[in-house]
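Trainee: One structure follows; several queries about it will come next.
The values are calculated or read from the model by the stated rules, or taken from the named source; none is laboratory data. From a predicted model like this one, the values you see are computed outputs, not experimental measurements. Cβ coordinates were reconstructed from backbone atoms using ideal geometry, including for glycine residues, and neighbour counts include every protein chain displayed. Side chains are part of the model used for accessible areas, which takes the heavy atoms of the whole protein and leaves out ligands, DNA and RNA. Shrake-Rupley method; radii C 1.70, N 1.55, O 1.52, S 1.80 Å.
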Amino acid sequence: MEQSQSLAATSRMPTGIAGFDEVADGGLPRGAVTVVLGGVGTGKTTFGMQVLAKGALEHNEPGILVAFEESAGRVVANTSGFVWGGEALKDRGVHAIDAQLSQWVEQSGEFDLIGLLAIVAAKAKEVGGRRVVFDGIDVLLSCLGDAASIRREAFRLRDWVNQSGLSAIVTAKADHWGQASATDFDFLEFMADCVVTLHNRVVQGIALRFVRVAKYRGAANSGNEFPLVITTAGLEIAANATLRLSYPVSADRVSSGVERLDSMLTGGYYRGSSILITGVPGTAKTSLSAAFAEGAARRGQRTLYVSFDEAPEQVVRNVASIGLQLAPHIEDGTLVLKSLRGRAASPEAHVAQIRAFLAETEPQHLVVDPLSALFQHGFDQVSEGAALQILDVAKSRGVTMIFTSLLASSTGLAEQTPINISAIADTWIHVANVNQGGERNRTLTIVKSRGTAHSNQVRELVLTNEGITLADVYSVGGEVLLGTLRWEKEIADQRAREGERNDAIVLKQRAELALAETRFELTTLAQRRAIQEEELAQLQKRTTAEVDTRVDEDQERLQRRSADPTDSPSAVADQGVDPDPTGPQ
Amino acid sequence: MNDDEKDVLRLRLYVAGDAPNSVVAVAHLRSVIEECASGRADVEIVDILRDPERGLRDGVFVTPMLVKFEPLPERRVLGSLGDRRFLLAVLGLNETPGE
């Protein structure tokens, strides 16, 4: 069981086309022929070149390009727009054979591929080749003239591939399906072990690319069609918008770049969360995004800033007017500013491009301004899927994402938010213009912010040449005051506050006085109490002293009477009073 | 007329071993040369199966391929050379009138 699995694994050749191997049973068949069919401009050659380049660069599997339609040099040169492409390929394991038939070659009689295959075999032996691409083989085969010869040579090619152990991709044009020109090549599909078809479909003026594995011998194949995109990373399958349920969750906060907004959010955005900023044109959505990016750059955190329909220089210049200097951060690489043209490609292609930018720059934060650029074609499902994919990619990478959404008008916030991404966003900030007293001012509201004890209050967004700040707003009779009105209100309030202060001083003084009086009274009372207590004590003393004195006087009197003790009738009377027992003896 | 006949034909035929089309091409070329340009043709036969490097170097991949270097202009003919009149025209030869 394990052995058969490992066999299956080694019998597949990874293509290096993101998402493709997942829908093609793990890759293309090894040691076999894959035919790639498609019309002009569907990416057949790119498909082949990418498989060769990725094989050589990532799997140490040198490859050989046999070019029939264009010169091999031009085919290689045409890949220079891809991160894996360009002339350097020649030195890195992708070898080219220019098998283009010169226009001067005349034909007389039959020919075959025997010589060609011998040359390719020799080249493969020389360079240790594992992969081979026969690009545009239809050009050569069509010279064979009759279907029988074409069939014979096609099978010759297949047999040769099977014996050589090389894995081959054969590309051929298939412009008009079902028409005579294509039927001659039906056998290509028949002889191949795997058939991949590419085609373009134009929907509302925008070309959408699709890929389908039409046949896969010995593999379970859904035969489904998948959207395909071409970016600087090459071909890529735009995966279905499947939002994962678990993402890296962080409790770390990231500054919004606006101090008071951080306070409103009790510390800033969560790292790795998604922040939606909605508003009509001119409500400072870009300024808020740029403030975030600039703040992050100053902290040394790299931000990828994708601007739709606005050139990098334009963004830099515009936000410089509010004191945000992006240029130095772009120079040192902490800010990567990329511009895309909204209508220049399909939403799926934009997603793939942003994905490629993310892979290239590996930022901590992503700004897409505006994400609603994806919606200007109006394919709701495709666009929404694209928007969700960007969110998905950012979240799965733990990248904090700020995306803005343009609203056509200031009314109907919820209905106008073009996508239900507002439901997926962790934080939703809405900026609005408010006309009042002949002025237009901006307000900022945090509509929602998951996991944050955020302020529900409306703030005035103030742009100065030193940056962005938020000001408190006043509401009078239920109406929010902004701008000059707010300023006037502030002044009035200040005056009122000054008046209150004066009053308070007086009151304080009064209170202090009252307290002092009370203290004085307390002191006076305490003194009075002391005096009275002293008086009482004196009186007490005096009463005892008077008794003692009388006794003394009596004794004096007795002593004086003792001279004649018998004739003192008072002495008897006095005996009752005098406690001294010795006295009357 | 005399000048034409004295022109030397310098030819090279790329073949793939004894592949049928190659064998046929060699036979057709040989018969034309023997019959119409006897003694004044310099024919080199390159077997790509034996010397694939030669094919790479010369930029010849599909066989059989006949290259006429001289007299100028250079001409290249792909195929088994079954059309005798076309081959004679390419080589600038006339059908020899009778034996």
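Trainee: Taking the highest mean first, how do the peptides A:348-355, A:17-24, A:310-317 order by number of other beta carbon atoms within 10 angstrom per residue?
Mentor: The packing order, highest mean first, is A:348-355, A:17-24, A:310-317.
Trainee: How much solvent-accessible surface does A:Thr523 expose, in Å² to the nearest 10, with a 1.4 Å probe and all protein chains in place?
Mentor: Number for this one is 70 Å².
Trainee: Rounded to whole Hz and in sequence order, give me ³J(HN,Hα) for region A:102-114 from the Karplus expression 6.51 cos²θ - 1.76 cosθ + 1.60, θ = phi - 60°, writing x for Gly and Pro.
Mentor: 3J(HN,Hα) across region A:102-114, in whole Hz: 4, 5, 8, 6, 9, 10, 8, x, 8, 9, 8, 9, 4.
Trainee: Ok, one more. Amide H neighbours of A:Arg12 under 5 Å, counting only residues 5+ apart in sequence or on other chains, H built in-plane at 1.01 Å?
Mentor: Residues meeting the amide H criterion: A:Arg30.
Trainee: What is the gain in length, in nm to one decimal, between A:Glu512 and A:Trp104 on full extension, counting 0.36 nm per residue of separation less the C-alpha to C-alpha distance?
Mentor: 135.4 nm
Trainee: Starting from the Cα of A:Asn60, step 7 Å toward the Cβ, then list every residue of region A:83-119 with an amide N under 19 Å from that point.
Mentor: A:91-95
Trainee: At 7 Å along the Cα-to-beta-carbon direction for both A:Glu535 and A:Arg298, put a label point, then send me their distance in nm to one decimal.
Mentor: 7.8
Trainee: Using a basic spin-label model with each label point 7 Å from the Cα along Cα→Cβ, how many nm lie between A:Glu331 and A:Glu313?
Mentor: With each label placed 7 Å out from Cα toward Cβ, I get 1.7 nm.
Trainee: Calculate the spin-label point distance for B:Arg50 paired with A:Ala251, positioning each point 7 Å from the Cα along the beta-carbon direction, and give it in nanometres.
Mentor: With each label placed 7 Å out from Cα toward Cβ, I get 8.1 nm.
Trainee: Taking H placed 1.01 Å from N in the peptide plane, check which residues at least 5 places from B:Asp47 or on another chain put their amide H under 5 Å from its amide H.
Mentor: For B:Asp47, whose amide H was placed from the backbone, the distant partners under 5 Å are B:Val15.
Trainee: Still on this model: List, in order, the whole-Hz ³J(HN,Hα) value for each residue of region A:19-33 obtained from phi through the Karplus relation with A = 6.51, B = -1.76, C = 1.60 and θ = phi - 60°; use x for Gly and Pro.
Mentor: x, 6, 4, 5, 9, 10, 6, x, x, 8, x, 7, x, 9, 9
Trainee: How big is the B-A contact in terms of buried accessible area, both chains counted, 1.4 Å probe, rounded to the nearest 100 Å²?
Mentor: Protein heavy atoms only, the B-A interface buries about 1900 Å².
Trainee: Quantify how strongly other chains surround peptide A:119-131 by giving the mean number of their Cβ atoms within 10 Å of each of its Cβ atoms. Intermediate results must be reported in sequence, preceding the final value.
Mentor: Values: counts 13, 4, 2, 7, 4, 0, 1, 3, 0, 0, 0, 0, 0.
Per residue, the number of nearby Cβ atoms from other chains is 3 on average.
Trainee: Next question, about the same structure. Quick one: which of A:Lys54/A:Lys395; A:Lys44/A:Lys215; A:Lys285/A:Lys395; A:Lys90/A:Lys338; A:Lys54/A:Lys125; A:Lys173/B:Lys68 span more than 25 angstrom between C-alpha atoms?
Mentor: Over 25 Å Cα-Cα: A:Lys54/A:Lys395; A:Lys90/A:Lys338; A:Lys173/B:Lys68.
Trainee: In addition: Once phi is turned into θ = phi - 60°, what whole-Hz ³J(HN,Hα) does the Karplus curve with 6.51, -1.76 and 1.60 give for every residue of region B:79-93, x standing for Gly and Pro?
Mentor: Each residue's phi maps through the Karplus curve to give x, 7, 6, x, 8, 4, 5, 5, 5, 4, 5, 4, 7, x, 10 Hz.
Trainee: How much accessible surface does A:Ser80 have with a 1.4 Å probe, in Å² rounded to 10?
Mentor: 80
Trainee: Under the rule of at least 5 residues apart or a separate chain, name every residue whose amide H is placed under 5 Å from the amide H of A:Val94.
Mentor: A:Gly63
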